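*Asks:* Starting off with a structure, shown below.
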Amino acid sequence: MEEHMKLFCSVPHRAGTEENKTVGDAILRRLSELGLQVSVDEHRVNLYEPQKPQLFLTSPDTVELIVSEKVLEEDPYSRVAGSEFPFFAYSPEGNVEAEVIYANFGTREDYAYLKKQGIRIAGKIALVRAQGICRSMKDLTAEEEGIAGLLLFPELRDQGMKKLPYPKGSHLNEWTAQRGSLLKYFLYPGDPLNAQATGVDTLPRVPAIPISEHNASEIFKRMKGPSGPEEWRGLMPGVVYSLGSGPVRARMITGGRIEPRTIRNLFATLPGRNPSGPSVLVGNHYDAWVYGASDPGSGTAVVLETAEALAQLKKENWEPERNVNFVFWDAEEYGLIGSSSWVNAHLREIRSQVAAHFYIDSVRSKHFKGYVSPALRTMLEIALQKVNDPEQGRPFSEIQGEMDLPGFSDDTAPFTGFAGIPTAQISFGTYYGMYHSLYDNLNWMDRFSDPGYWYRATLAKIMTLYVAQFAGDLVLPYDFAGISTQVHNWLAKEQAERGSGERFATLETQMGQFDRIVSSFENAKKNRKQLSPEVSVRVNQLLLKAMLSFTPLPQEPTGNTFGKYNVLEGPSDTEGCVGEWLPLLKRAMRSKDPAKVDAEIQRLTVAFQRAGETLQQAIRSLT
């Protein structure tokens with residue numbers, strides 16, 4: 001993995017550049033050396049090429065704030081700071097001068113608080129913490145509130161702990177700025193011009209610049225007025241986190257152009273015993289904002305290690321029941337563009353030929369995190385029982401908390417939102433100070449983040465066992481009971497809080513019948529030890545069909561279908577990139593429209609009915 005990361009993380013390689021093509025070629029060579037069947041999937045898409053943003057304070061004094069990160073003597077990779085400047089992809093062109101206010105995380109609730117304090121927010125530049133809701137939701141909320149510009153800074157308090165700053169230690173330093181895309185990909189991921197063709201505008205409207213803690217501190221120290229509540233205050237020394245009602249004014253200049261570029265998704269196939277049945281995807285993205293040692297280089301190295309392990313097992317007479325397709329997506333950072341382009345181009349085939357998408361973005365810390373569809377959780381829990389934490393020496397199953405739903409800010413989103421395919425994104429860590437910055441490089445990664453490659457190697461063990469089990473079982477090991485349990489738990493909580501049991505009576509009756517069918521299916525599977533290849537393919541196709549009952553697409557989907565049909569999982573309409581359970585039903589309930597609520601309850605009831613009927617066909621095939 002160390003050799004691989006030196007190949008992939010030694011130069012900056014944004015999507016659409018020759019440097020990223022070189023990284024892709026290196027990945028393809030390694031996959032070919034493993035004896036896998038390699039292919040390339042090209043797309044012509046619209047990427048953003050930035051001009052260097054500028055930021056000035058114009059009152060009470062005049063000063064230019066340098067947006068570039070700092071060259072550090074201890075970090076040779078930082079020498080490119082002048083050319084690899086921070087920016088937000090697709091930020092609109094702007095030359096804005098206005099008063100600065102502090103808006104905490106930039107949520108609707110945060111702006112409402114400012115209004116209650118008598119602070120006018122329309123037409124202002126908002127200084128906002130980078131964490132919390134995703135940055136594209138911050139931009140959308142700013143647009144709704146009439147904000148003229150956004151300055152996003154990483155706040156030390158949001159990193160979870162305080163350690164020595166880089167390069168002395170692992171933690172956030174005052175020069176770090178965190179890049180990213182401003183596309184509203186929770187509405188429709190992928191190429192923004194393709195989104196517009198479906199009637200969805202995902203381009204941002206409020207110009208924004210990523211700035212460092214140092215620059216945020218320079219602004220705060222000039223701001224007057226009361227500070228916000230305790231939870232709005234951070235850890236910057238000498239800063240009182242004033243809300244701002246003058247006298248600080250700033251001028252921000254942003255610009256760039258959208259232009260067509262060629263991107264490449266890279267595929268490699270490990271053939272299974274029944275190649276005509278539904279296959280498994282194991283993915284990562286390989287484009288980076290700068291060097292991307294953690295995000296995505298560590299994930300790229302882990303997926304390649306998984307490919308090598310499974311290829312070696314096959315040489316030693318282990319064979320998966322179904323094809324395992326390793327895929328390295330391009331242009332993820334710009335807005336999940338490579339994966340979305342492929343899913344939309346092959347939607348019908350995916351819904352009949354892909355059983356699950358397993359994904360690794362990066363290794364960021366030492367805490368295991370799983371963002372997993374309920375149908376895929378049991379297999380992961382089994383894998384976690386077999387792998388020990390390198391430091392504690394105990395299985396991860398004993399030391400980890402609850403898993404979350406898949407989010408909508410990585411390459412699992414198109415599968416969940418467009419196709420309804422269950423997904424699992426596993427990683428170590430979430431936030432980290434070097435996120436999307438110049439300093440996410442091999443010097444930081446190998447000295448502080450994961451010296452010795454212990455956690456990258458450990459994640460490769462977990463993923464290898466996870467995929468081997470899922471691909472190796474004769475019958476697709478979906479956890480249908482886990483899906484039902486999640487819905488039962490939500491219904492119980494809802495009825496306890498609101499006392500609305502009668503409304504869900506028909507749904508609960510249908511789910512009770514579904515539970516009995518699932519139990520019968522599990523018994524039939526246990527009792528049938530041998531299956532012919534033909535029966536196995538038939539049963540697995542039925543199981544995939546049962547899974548897709550929860551995302552019933554129309555025969556000829558038109559317009560924006562993203563998140564419109566998956567009754568189990570979808571993007572939150574309040575937080576954007578966060579996954580939400582029963583999203584369509586919950587949105588109807590938030591609308592307070594009884595007719596919409598009843599329609600969504602009926603839709604969920606029919607989904608369980610159809611899934612149960614399909615499972616009954618699978619039982620007949622088994623018996």
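The values are calculated or read from the model by the stated rules, or taken from the named source; none is laboratory data. Since we're looking at a predicted model, the values are computed, not measured. Cβ sites come from the backbone with ideal geometry, for glycine too, and all protein chains shown count toward neighbours.
*Asks:* So which of N46, N104 is touching a residue at least 40 places away in the same chain (Cβ under 8 Å) and under 19 Å from P226 (Cβ atoms)?
*Replies:* N104 is the lone residue from the list that is touching a residue at least 40 places away in the same chain (Cβ under 8 Å) and under 19 Å from P226 (Cβ atoms).
*Asks:* Would you tally the residues in the stretch 273-301 being out of contact with any Gly (no Cβ under 9 Å at 6 or more places or on another chain) and either assigned to a loop (DSSP other than H, G, I, E, B) or farther than 30 Å from R44 by Cβ (or both)?
*Replies:* The total comes to 8.
Condition check ((1) free of Cβ contacts under 8 Å to residues at least 60 places away in the same chain; (2) touching a Cys at 6+ places or on another chain (Cβ under 9 Å); (3) within 22 Å of L7 (Cα to Cα)) across all residues:
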| site | (1), (2), (3) |
| --- | --- |
| Q425 | no, no, no |
| T430 | no, no, no |
| T458 | no, no, yes |
| Y478 | no, no, no |
| A496 | yes, no, no |
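*Asks:* For G292, state whether it is of a type in the set (G, A, S) and either touching a Lys or Arg at 6+ places or on another chain (Cβ under 8 Å) or under 25 Å from N441 (Cα atoms) (or both).
*Replies:* Yes.
*Asks:* Which one is surrounded by the most Cβ atoms within 10 Å (Cβ to Cβ), of the residues in the stretch 332-372 that are part of a loop (DSSP other than H, G, I, E, B) and over 13 Å from the mean Cα position of the chain (by Cα)?
*Replies:* R364
*Asks:* Let me ask something else about it. Got a number for residues in the stretch 31-52 being surrounded by 18 or more Cβ atoms within 10 Å (Cβ to Cβ) and in a helix (DSSP H, G or I)?
*Replies:* 1
*Asks:* Got at least one residue in the stretch 303-320 being assigned to a strand (DSSP E or B) and on the phi < 0 side of the Ramachandran plot?
*Replies:* no
*Asks:* Ok, one more. From L568, L553, grab the single residue that is in contact (Cβ under 8 Å) with a residue 24 or more places away in the chain and closer than 17 Å to E494 by Cβ.
*Replies:* L568
*Asks:* So which residues in the stretch 274-288 are in contact with a Phe, Trp or Tyr (Cβ under 9 Å, 6 or more places away or on another chain) and farther than 16 Å from V467 by Cα, if there are any at all?
*Replies:* H285, Y286, D287, A288 - these are the residues of the stretch 274-288 that are in contact with a Phe, Trp or Tyr (Cβ under 9 Å, 6 or more places away or on another chain) and farther than 16 Å from V467 by Cα.
*Asks:* Still on this model: For the stretch 88-105, give me the residue count where each residue is under 29 Å from the mean Cα position of the chain (by Cα) and among the hydrophobic types (A, V, I, L, M, F, W, C).
*Replies:* So the answer is 4.
*Asks:* Taking the stretch 197-229, which residues are in a helix (DSSP H, G or I) and at pLDDT below 95?
*Replies:* Selection gives A197 alone.
*Asks:* Check off (1) among the hydroxyl-bearing types (S, T, Y); (2) in contact with a strand residue (DSSP E or B) (Cβ under 9 Å, 6 or more places away or on another chain); (3) at pLDDT 95 or above for S59 and give me the number that stays unchecked.
*Replies:* Tallying (1) among the hydroxyl-bearing types (S, T, Y); (2) in contact with a strand residue (DSSP E or B) (Cβ under 9 Å, 6 or more places away or on another chain); (3) at pLDDT 95 or above, S59 fails exactly one: (3).
*Asks:* Can you name the condition, by its number, that S170 falls short on among (1) within 24 Å of H43 (Cα to Cα); (2) surrounded by 17 or more Cβ atoms within 10 Å (Cβ to Cβ)?
*Replies:* Result: S170 passes all but (1).
*Asks:* Here's something else I'd like to know. Among the residues of the stretch 562-579 satisfying the criterion of being of a type in the set (V, I, T) and out of contact with any helix residue (DSSP H, G or I) (no Cβ under 6 Å at 6 or more places or on another chain), which is surrounded by the most Cβ atoms within 10 Å (Cβ to Cβ)?
*Replies:* Looking at the filtered set, the residue picked out is V578.
*Asks:* So in the stretch 259-287, with the set limited to residues that are in contact with a Leu (Cβ under 7 Å, 6 or more places away or on another chain) and hydrophobic (A, V, I, L, M, F, W, C), which one is nearest to V475 (Cα to Cα)?
*Replies:* Top of the filtered list is L270.
*Asks:* Still on this structure: Could you list, in sequence order, the residues of the stretch 106-127 that are surrounded by 24 or more Cβ atoms within 10 Å (Cβ to Cβ) and within 20 Å of F186 (Cα to Cα)?
*Replies:* G106 - this is the single residue of the stretch 106-127 that is surrounded by 24 or more Cβ atoms within 10 Å (Cβ to Cβ) and within 20 Å of F186 (Cα to Cα).
*Asks:* Return the residues of the stretch 543-598 that are farther than 26 Å from D201 by Cβ and touching a Gly at 6+ places or on another chain (Cβ under 7 Å); say none if nothing qualifies.
*Replies:* L548, F550, listed by residue number.
*Asks:* Just wondering, is there one or more residues in the stretch 460-467 that are charged (D, E, K, R), in contact (Cβ under 8 Å) with a residue 60 or more places away in the chain and within 17 Å of S365 (Cβ to Cβ)?
*Replies:* No, the conditions are met nowhere in the stretch 460-467.
*Asks:* Quick check, is M379 of a type outside the set (S, T, Y) and over 25 Å from V475 (Cα atoms)?
*Replies:* No, not satisfied.
*Asks:* Would you pick out the residues in the stretch 426-447 that are under 12 Å from the mean Cα position of the chain (by Cα) and crowded, with 24+ Cβ neighbours inside 10 Å?
*Replies:* Result: S427, single match.
*Asks:* In this structure, is G393 more than 16 Å from Y466 (Cα to Cα), assigned to a loop (DSSP other than H, G, I, E, B), free of Cβ contacts under 8 Å to residues at least 60 places away in the same chain and not assigned by TED's automatic domain parsing to the domain that holds E580?
*Replies:* It is true that G393 is more than 16 Å from Y466 (Cα to Cα), assigned to a loop (DSSP other than H, G, I, E, B), free of Cβ contacts under 8 Å to residues at least 60 places away in the same chain and not assigned by TED's automatic domain parsing to the domain that holds E580.
*Asks:* Could you list all residues from the stretch 61-77 that are within 21 Å of I209 (Cα to Cα) and over 27 Å from the mean Cα position of the chain (by Cα)?
*Replies:* D61, T62, V63, E64, L65, I66, K70, V71
*Asks:* Scan the stretch 309-350 residue by residue and report those that are among the basic types (K, R) and in contact with a Ser or Thr (Cβ under 8 Å, 6 or more places away or on another chain).
*Replies:* Across the stretch 309-350, the qualifying residue is only R322.
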